[in-house]
Every structure is written in C-alpha cells, then in structure tokens.
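Read through the structure below, which is laid out as structure tokens, and then see the notes.
What follows draws every value from the coordinates through simple rules; no lab data is involved. Quick caveat: nothing in here was measured; it's all calculated off a predicted structure. Using ideal geometry, Cβ is built from the backbone for each residue, glycine included, and neighbour counts are taken over all protein chains shown.
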Amino acid sequence: MIAIASNSRRVRRIEGVIFWLLRLATYFILACATYIFLDIGIKGSRTVFTSTPPFINLPFLTEPPQTLYVFAYEGKKMTLSDRQFRQWKVEHAGTEVEASSIAYSAGGIWPCIVGTALLVIGSMALALGIGISSAIYLSEYSRNGRLIRLVRIAILNLAGVPSIVFGLFGFGLFVIFFGWNVSLIAGWFTLGLMVLPAIITASEESLRAVPQGLREGSLALGASKWQTIRKNVLPYAMPGILTSSILGIARVAGETAPIMFTAAYAMKDEMPWQVAHWTDFFFQGVMALPYHIYVVSSKIPQNEYTERVQYGSAFVFLFLVMLIALTSIVLRERSRSRLSW
Amino acid sequence: MVSVAEMPEITSPIIVNQPEPIPKSEIERGMIEIEQLDFKYGAHQVLHDVTLSIPARAVTAFIGPSGCGKTTLLRCLNRMNDLIDSAHITRGSIRIEGIDINAPGVDVVDLRRRVGMVFQKSNPFPKSIFDNVAYGLRIAGVTKRTLIDEAVEKSLRSSALWEEVKDRLHVSGYGLSGGQQQRLCIARALAVEPEIVLMDEPCSALDPIATAKVEELIRQLKEQYTIVIVTHNMQQAGRCSDHTAFFYLGRLIEFDGTAKIFSNPAQRQTEEYITGRFG
C-alpha cells in the first residue's frame, strides 16, 4: 500500500513537470512569432503607412528602388532620392555638397512586387500543369507496382531537397546548359520543380478523397475512364487541389535561394514589360521581393538609413503571404461546405 | 461457343436445377448466359464453376450469405471487376445476347451502357437532379437539349421520382432523402436505355417505406428490362423476383423459380438458409 501511494505521488509530480514543459514549448513559439510580427509590423508600418491621407505610402509601393543621398545644406540634414537629388542640384546650381549615397534606400519596391508576382504565376502554372497530370496518373491510372513505389519515393525525396540545391540545379541546367541565362523562364522551372512534390502529394490526396462510388457510378453509365475523371472526379478534387496549392504559392513567393542564381536581379531599371521583342520577356531577369530583402539587408553597408527599405519590404512581403494564406483558408471553407459526401 | 443445351454434363457434384435450358437459336434481348465461370481475386478463388442462364425481362435474385460471391458475379456482368487489378475470370464465359462480353473485341464502355448498375450505397453525383440523370446521355455525346429534357423526364417517371422532384430539378441530388437518392440512381441508370439493370443490394440502406417503393419500382421495370438483384433480404427476394439463385461459398447451389425455391427447394443447404438456420 505504501509503495503504491509513493508511486502515485511520483506519477503526479512527473505529470506536473511534463505539463509545464509542453506548455512552455507552446508559449515559446507564441513569443517568438509575436516578437517577429510586432517588430516587422511596427517598424515596417513606419515605411508603408503615412500620417497624412491617403495614409499609405504610395511611392514606396509604386516606385522603383533608388539611391538615397544624404548631405548637409545650410545646417539642415537633407535626405533625397536619386531623382530628387538631381532636381535639387539643378535648382541649386553652383552649390557644391558632399553627399553620401546609400544604395536602394530611397524610392520603392514596385519592380520587386511585379517580379515576384510574375515568378509565382509562371512557376505555379507550370507546377500545377505537371503536378495535377502526374497526380491523376498516380491515383487513377497506375497500378501499384515496384516502379510506382520508386516514383513515390523519388517524389518524397524531391520534397526534402534543400532549396539552395534546387537553385544550383536550376543554375546548372537551365541557366548554363540550356543557355537561358538568368531569366524568368529559368526561375519558373526551378521554382516549379521545387513545389512539384507538394502539389503532386496534395493533388493525389484530393483525388483520393473523391469517393470511389462516384467513379463506379460514372463508369457504370458507360463513361470512359478519362470521361469519368474529367467530368466526375477532377471537378470535385479541384477545390482541394487549388487550396493546397495556394500554400505552395506562399513557398514559391518566399524562397530566395532558388531564384538568386536563376532569375533574380539585384537592380533593374526597366519594368518586365519594357522589352524589345515579346520573346525577350521570358529571357529577362527580374527583381523579386525576397531577393531584394536579402540584398538590402546583407549586400549593402548598413546604417540608420537602410532600415526603412528593409522593414518596409519585409512588411509588404509578410502581408502578401498572409493574404495568400487567408485566401486559401476562405476557399477551403467554401469548397468544404459545398462538396460533402 | 457451346450453347447451354449442348453443354457437356457439369462435372461439379452439385446438381443445378436449370429452369428452362435456352436453345441457341432463341437469343433474346437482355438474356444472360453464364457458363462454368471461375473467378479469382489473386490466388483466392471466389466463384467456382457457376453456370446460370438469366432469363430476359424478369427479375432474378441472387441470394446467399455474405462472401458467397453473389456481388462478385453481379459485377462480372458489366465487367466492373476490371477496376480491381488482381481480379480475373480464370475459366468460363459470360454471354449477353449470345456475345461473350470478355472477348477481346468487346467495347467495355458500350457494354456498360447496355448493362446498367445500381449500387448498394446510393451514389448520386454532387450535381443537380437533372444533371445526374442527364450524365450518361451527355457522356454518350447527346447534346440536343430537347432530347435530354425528354429522357430525363421519362427516366424520372419510370423511377417514380418525377412527381416528387419535378419542381426542383436543378437543386443538388444530395438534398434528397436516402430512398429518393437511390431512385435517382435508378433513373440515372435507366436514362441511357440499358437492356439489363444490375442492382447490388439496392435497399440495404433504406427504411421500410423507401424499400417498398423501390421494390414496387423493380416489379414495374421488369416489363422492359432484365433485372438482376443481389439481396441479403430473403423477403425481398420473395416479394419482387421471378427467379432466385442461391449461392454458397462461391458455388451456385440452386437456381429455380422463386416460388419453388421458397416453398420446396431441392437442396438441403438452400432450405437451411431460407429457413434461417445459417447465413
């Protein structure tokens, strides 16, 4: 009896310790996330929002990055963007000033937003096309043989490959071997390959979630296999495929490593649509948000003037990713309520 | 091909009571002849030497305890077992209107259009009632609106559902009750004008009132269609079938008129099953 009593006391003590360990781990994550969001939110909103109408810093969102010029003039400290500085020099002709220049720290991030959007659209179109096709093959057509098991293992392994390896692979294959140079199309293929495993897995799951009875019902009415898939399986799997793909979008938009060798330019003066010939569109490098954040926070000398762009870009970037995630949740809830079996 | 009449003596020790052997010359629309059929899932043999002639425009019930192969046999009739990788007919043949349905040249899509199927679990598509019934027609390439409209109305009338749904043809089939869903599936099968309708325990998930409606429907449909129904429910077989086949452990034990099977079966196993001593 005594032994049992002491044992139960020990069990209770362990129970209490475990409870607090688990609880602390959870709160630790919460604290980290809160710190990151608050830091970026507060400092970033100083760049993105203004105290006067329209309350949003439109030039930051609609202008290309510019070099910031800082100098003293008549006892005042001036901070002017490239364009403003040139105009100022015209207005104050004859005045010599000693200006220090800080790269990318004035102007905005418009080309980066556009570039990221282009990279996302192209790579997702590619990944969805290939991914859904192979998911249909795997879940509807293939027999579970040794080869298919091998394919599945390959897909799983592909999902585990670090993104920098994808970047180098894309650099070797698309940029150098295919001779596409640093270009949108090389970025599309590299990013597309990177999210392919996630898309195949998600699509296969969505396809499998469609009840077998719907396939049999359709086949029993004299539909061919492809007719059955197209009319009575894929339409019901599509919402699931698309919502899980939206999370893939967040990944494609966010990765820096795959595009730094294949598609991203640190600075480019023309917008992507300013090309001589339409085919040039695919073979041009673009600016991209994650790469821009990387450049402004590690490739230029840091000082009190660089923070503005760093936090502003991070804030816009986080906001976009959150928007994508939110869309995916809303879409999922909608499709769930419409299709239930 | 050998007709049932010319067939050699069945080597199986079990005596099969064929009601009326059908001579080859009288090939009827919707007639099914199964001959010495063996069927395996991988190494596991599910059907042993089944020989059976299913008469046209009548209701034939397959009865027997779970696992006796009756559903497997039913699914052989429209080659639904093709969907299962390891499942094969290893011997024998199935002829519908005299044509071996497993012959290499047979178009399985065409076969399934002629041999409709209603499943145990009602499986309306997540589409409107109208689109559910029109599905088979559209698949078959019918595009003319008036033709589809007519066929949908006709099928819904045949399945005794028209009066209940005519005002809400464009709402989802999922909004219907269980019994209505099953009748919708029957309407969907009838819309492509099959010759044979296979029913795999169509009432197992329905309440008694819905069951009575579907059974009434089955009795009406036999005017036009050959109906094969798998059922666990002895009373149901008794109420709505003309012929009954009793299966046990993958073998056809007895096949005869339903009245005969239920009043005076020739085999002891049949009698024991029917009186509820096993199964």
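To the nearest 10 degrees, how steep is helix A:184-209 against the longest Cα principal axis of chain A, on a 0 to 90 scale?
30 degrees
On full extension of the chain, what length is gained from residue A:52 through residue A:225, given 0.36 nm per residue of separation minus the C-alpha to C-alpha distance? Write down the numbers at each step before the final one.
Numbers: separation 173, 0.36 × 173 = 62.28 nm, distance 6.16 nm.
Length gained, residue A:52 through residue A:225: 56.1 nm.
Between residue B:205 and residue A:15, what's the calculated FRET efficiency when r is the beta-carbon distance and R0 is 45 Å? Round to 0.05.
Rounded to the nearest 0.05, the efficiency is 0.45.
Net charge near residue A:182, counting Lys/Arg +1 and Asp/Glu -1 over other residues with Cβ under 14 Å of its Cβ?
0
As an exercise, take the mean of 1/r over every pair of distinct alpha carbons in the stretch A:65-107, invert it, and state the Kirkwood radius in angstroms.
Its Kirkwood hydrodynamic radius stands at 10.4 Å.
Looking at chain A as a GNM with Cα springs under 10 Å, which of A:148, A:200, A:18 has the largest mean-square fluctuation?
Its mean-square fluctuation being the largest, the pick is A:18.
Would you calculate the separation in nanometres between label points at residue A:181 and residue A:330, each defined as 7 Å from the Cα along the Cα-to-beta-carbon direction?
4.0 nm
Could you name the lysines in cross-link range of residue B:70, using Cα to Cα under 26 Å and dropping any fewer than eight places away on the same chain?
Within reach: A:225, B:24, B:40, B:121, B:213, B:222, B:260.
Amide H of residue B:247 versus every other amide H placed in the peptide plane: which residues, excluding those fewer than 5 positions away on the same chain, fall under 5 Å?
B:63, B:64, B:253
Which semi-axis lengths, in whole Å and largest first, follow from the square roots of five times the eigenvalues of the Cα gyration tensor of the protein assembly as shown?
70, 29, 24
Enter the Cα centre distance for the pair the stretch A:81-145 and the stretch B:186-249, rounded to the nearest angstrom.
Using only Cα atoms, the two centres lie 64 Å from each other.
How large is the direction-averaged shadow of the alpha-carbon convex hull of the stretch A:110-337, in nm²?
15.1 nm²
At a Förster distance of 25 Å, what's the computed FRET efficiency of residue B:90 paired with residue B:66, Cβ-Cβ distance as r, to 0.05? Write down the numbers at each step before the final one.
Details: r = 23 Å, r/R0 = 0.90.
Once rounded, the FRET efficiency stands at 0.65.
What is the magnitude of the charge dipole of chain A about its Cα centre, with +1 placed on the Cβ of each Lys and Arg, -1 on the Cβ of each Asp and Glu, and no other charges, expressed in debye to the nearest 20?
Dipole magnitude for chain A comes out near 1780 debye.
Among A:286, A:275, A:195, which one moves the most in a GNM of chain A with springs linking Cα atoms closer than 10 Å?
A:275
Run down the lysines and flag those whose C-alpha is under 30 Å from the C-alpha of residue A:43, throwing out any fewer than 8 positions away in its chain.
A:76, A:77, A:268, A:299
Using amide H atoms built 1.01 Å from N in the peptide plane, name the residues 5+ places from residue B:92, or on other chains, whose amide H lies under 5 Å from its own.
HN-HN under 5 Å from residue B:92: B:38.
Report, for the protein assembly as shown, the % of DSSP beta bridges that are antiparallel, rounded to 5.
65 percent
Taking only C-alpha pairs under 8 Å that are 6+ residues apart, what is the relative contact order of the stretch A:65-107 in percent?
After rounding, I find 58 percent.
Give me the distance in nm between label points sitting 7 Å out from Cα along the Cα-to-Cβ direction at residue A:38 and residue A:74, one decimal.
My value for the distance between the label points is 4.3 nm.
If I take R0 = 30 Å and measure r between the Cβ atoms of residue B:110 and residue B:235 in this structure, what FRET efficiency does the formula 1/(1 + (r/R0)^6) give, to the nearest 0.05?
0.25
Separation between the residue A:273 and residue B:263 pseudo-spin-labels, each 7 Å from Cα along Cα→Cβ, expressed in nm?
8.6 nm
Enumerate by residue number the GluC sites (Glu not before Pro) in the stretch A:242-341 meeting two conditions: DSSP loop (anything except H, G, I, E, B), and at most 14 other Cβ atoms within 10 Å of the site's Cβ.
A:270, A:304
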